[in-house]
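Q: Sharing a structure here in structure tokens format.
The values are calculated or read from the model by the stated rules, or taken from the named source; none is laboratory data. Note that the structure is predicted; figures quoted are calculated from it, not measured. Positions of Cβ are backbone-derived with ideal geometry, glycine not excepted, and every protein chain shown enters the neighbour counts.
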Amino acid sequence: MKTLLLTRDDIQELARKVGLPTLMDTMIADLRSAFAAYDPARSIVRQREGFHYTTPTTGLLEWMPTMAVGGEITIKLVGYHPENPGTQGLPTILSTLSAFDTASGHLIAVMDGTFSTALRTGAASAVASEVLARPESKTITLIGCGAAAVSQLHALSRVFSFESVQVYDIDPAAQQSFAQRVDFLGLAITELAVHSLPEAIAASDILCTATSVGVGEGPVFRDVETQPWLHVNAVGSDYIGKVELPRALVERSTVCPDSVEQCLLEGECQHVPRESMGPALSDLVKERARYTTLRERSTVFDSTGWALEDQVAMNMLVAFARDLNLGRMVEFECTSQDNRDPYGFLRSQGELPENSGQISPSESRGLSTP
């Protein structure tokens, strides 16, 4: 059986043919539908776990699995390395997605997860904000001008008509380059000085925090009196002890998690007793009419990254790729017609390969022959 391999070039061509606006609109619509239909008996979403380390650099590698019962299993492997931009010239977050058939274990598809993570994270904030933020919201402030901020503004601009976009980052280079990275949105960007940040937050309808704040270093701004209806999309708290928001703001807000257990462990909900948490993201969408009453009070969407979103994102991109005949079908698994013979795929004209005499096993591994 063959596996669909989607390379960087394939995703680039897909985005060129489909268009970024359509990709984001489809991502928002697909997530909205998935949250509305979410049934924990039919979609089994495991809490992410993995390896956290400080050598050779501070980072983590985690796996995020989701199973559609009777369908496929999607697993994202995601690496978070905050030193990447400065030392490696790479994004802070890199990831890979794989999909498996539950009938056989066959690997259905493999693709990059970095682009899809950006899309789905922005889209999840847009879905939550559709319910929790005022529809007439005109002013947005973004704290953190890295990669995540681009897709946050992209997604939110698809559902709100912003007249004022204000941005701040402790890294001047990130702040100064942000306008160029989002120029495709046609929005005027105002850069903030640190002393003007409190005033900007106080006047905002929507606030997004998408930072790489370190453990124990938060919050990323001091508490101020805000608009009574301020809605916050908190994106950067994704590790135990990492928080972006002032505790006082969290405590006076209705905090809605993407994943309850995950947010209690590593989101802004570290500040919130379980019994004080607001509705989860799927409940917001299922009972939208009930929860739009929250628009007149302070709300927080605690976005730690839910594995169900990755399955939805992968399914969307694979569907587009198949429609456009993009990607390569490759013989990835070493199987043969005789499933009892693990060496069967090696046979050529019925014979197994023999030593050619060109190189010995010890030489090939750099070992001396005893």
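Q: If I go through the range 304-323 residue by residue, how many of them are in contact with a helix residue (DSSP H, G or I) (Cβ under 6 Å, 6 or more places away or on another chain) and within 23 Å of THR211 (Cα to Cα)?
A: 3
Q: In the set VAL127, VAL159, VAL131, VAL110, which member is over 23 Å from ALA203 (Cβ atoms), in contact (Cβ under 8 Å) with a residue 60 or more places away in the chain, outside any strand (DSSP E or B) and of a type in the set (A, V, I, L, M)?
A: One residue alone meets the criteria, VAL127.
Q: Restricting attention to the range 68-76, does a residue exist that is touching a strand residue (DSSP E or B) at 6+ places or on another chain (Cβ under 6 Å), surrounded by 16 or more Cβ atoms within 10 Å (Cβ to Cβ) and outside any strand (DSSP E or B)?
A: For the range 68-76, residues touching a strand residue (DSSP E or B) at 6+ places or on another chain (Cβ under 6 Å), surrounded by 16 or more Cβ atoms within 10 Å (Cβ to Cβ) and outside any strand (DSSP E or B): absent.
Q: Check off (1) without any contact (Cβ under 8 Å) to a residue 40 or more places away in the chain; (2) within 22 Å of ALA29 (Cα to Cα); (3) outside any loop (DSSP other than H, G, I, E, B); (4) not basic (Lys, Arg) for GLN176 and give me the number that stays unchecked.
A: Failing condition for GLN176: (2).
Q: Next up: Identify the single condition in (1) surrounded by 11 or more Cβ atoms within 10 Å (Cβ to Cβ); (2) in contact with a Phe, Trp or Tyr (Cβ under 8 Å, 6 or more places away or on another chain); (3) modelled with pLDDT under 95; (4) not acidic (Asp, Glu) that LEU352 does not satisfy, given that it satisfies every other one.
A: With respect to (1) surrounded by 11 or more Cβ atoms within 10 Å (Cβ to Cβ); (2) in contact with a Phe, Trp or Tyr (Cβ under 8 Å, 6 or more places away or on another chain); (3) modelled with pLDDT under 95; (4) not acidic (Asp, Glu), LEU352 is out only on (1).
Q: Which condition does ALA148 not pass, out of (1) assigned to a strand (DSSP E or B); (2) under 13 Å from the mean Cα position of the chain (by Cα); (3) closer than 22 Å to THR22 by Cα, if it passes all the others?
A: Just one mismatch for ALA148, condition (1).
Q: Could you figure out which of (1) surrounded by fewer than 24 Cβ atoms within 10 Å (Cβ to Cβ); (2) more than 21 Å from GLU130 (Cα to Cα); (3) not hydroxyl-bearing (Ser, Thr, Tyr) isn't true of VAL243?
A: (1)
Quick grid of which residues meet (1) of a type in the set (Asp, Glu); (2) closer than 20 Å to ILE201 by Cβ; (3) outside any helix (DSSP H, G or I):
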| site | (1), (2), (3) |
| --- | --- |
| VAL243 | no, yes, yes |
| LEU249 | no, yes, no |
| CYS256 | no, yes, yes |
| GLY278 | no, no, yes |
| VAL285 | no, no, no |
| ARG290 | no, no, no |
| THR293 | no, no, no |
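Q: Here's something else I'd like to know. Mind checking which residues of the range 44-61 are of a type outside the set (Phe, Trp, Tyr), outside any loop (DSSP other than H, G, I, E, B) and either in the same structural domain as LEU264 (by TED's automatic domain parsing) or surrounded by fewer than 19 Cβ atoms within 10 Å (Cβ to Cβ) (or both)?
A: ILE44, GLU49, GLY50, HIS52, GLY59, LEU60, LEU61
Q: Which condition does ALA280 not pass, out of (1) out of contact with any Pro (no Cβ under 8 Å at 6 or more places or on another chain); (2) in contact (Cβ under 8 Å) with a residue 24 or more places away in the chain, if it passes all the others?
A: Looking at each condition in turn, ALA280 falls short on (1).
Q: If you don't mind, there's one more thing I want to ask. Output the residues belonging to the range 295-309 that are part of a helix (DSSP H, G or I) and surrounded by fewer than 19 Cβ atoms within 10 Å (Cβ to Cβ).
A: ARG295, GLU296
Q: If ALA202 satisfies all but one of (1) surrounded by fewer than 20 Cβ atoms within 10 Å (Cβ to Cβ); (2) free of Cβ contacts under 8 Å to residues at least 40 places away in the same chain; (3) aliphatic (A, V, I, L, M); (4) over 30 Å from ARG290 (Cα atoms), what's the number of the condition it fails?
A: Tallying (1) surrounded by fewer than 20 Cβ atoms within 10 Å (Cβ to Cβ); (2) free of Cβ contacts under 8 Å to residues at least 40 places away in the same chain; (3) aliphatic (A, V, I, L, M); (4) over 30 Å from ARG290 (Cα atoms), ALA202 fails exactly one: (4).
Q: Oh, and also: Before we move on, is LEU265 buried (at least 24 other Cβ atoms within 10 Å of the Cβ) and out of contact with any Asp or Glu (no Cβ under 7 Å at 6 or more places or on another chain)?
A: no
Q: So, one more: Answer yes or no as to whether VAL312 is in a helix (DSSP H, G or I), touching a residue at least 12 places away in the same chain (Cβ under 8 Å) and more than 14 Å from SER129 (Cβ to Cβ).
A: Spelling it out, VAL312 is indeed in a helix (DSSP H, G or I), touching a residue at least 12 places away in the same chain (Cβ under 8 Å) and more than 14 Å from SER129 (Cβ to Cβ).
Q: Sticking with this one: Does the range 34-49 contain at least one residue that is modelled with pLDDT under 95 and touching a Gly at 6+ places or on another chain (Cβ under 9 Å)?
A: yes
Q: Further, regarding this structure: Say whether the condition of being surrounded by fewer than 18 Cβ atoms within 10 Å (Cβ to Cβ) and closer than 28 Å to ASP9 by Cβ is met by at least one residue in the range 137-145.
A: No, the range 137-145 has no match at all.
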